[in-house]
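Chemist: I am attaching a structure below and will ask some questions about it afterwards.
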Amino acid sequence: MLLCMRTTIDISDELFRQAKRRAADESTTLRAVVENALRAWLASRRKGTGYRLRWHPEKGAIQPGVDLDDRDALFDRMDGRP
């Protein structure tokens, strides 16, 4: 069973008239015009390039006495505690 949600939206009078005219020209309903427009907009939003991480690794070495497996000791060291 297909479920539909009823909602109310506020749009300008001119936009409403244009949508009604388009629906009549294409022998379809205003609902179909709005749904198709919303689907097209949502689909176009997914195709964005998104965020791209630019990774620039640094050369370095682990300081003497640092154990990367001991998280608490590592945090102490970073906070300047012996």
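Computed from the coordinates by the stated procedures, all read-outs in this text should not be read as laboratory data. All values derive from a computational prediction rather than experimental measurement. In this analysis, Cβ positions are derived from the backbone assuming ideal geometry, glycine residues included, and neighbour counts consider all displayed protein chains.
Chemist: List pairs: first in the stretch 70-82 and part of a helix (DSSP H, G or I), second of a type in the set (Asp, Glu), Cβ under 9 Å, 6+ apart or cross-chain?
Modeler: Within 9 Å, the pairs are Ala73/Asp67; Leu74/Asp67.
Chemist: For Ala61, are the conditions met, namely being assigned to a helix (DSSP H, G or I) and small (Gly, Ala, Ser)?
Modeler: no
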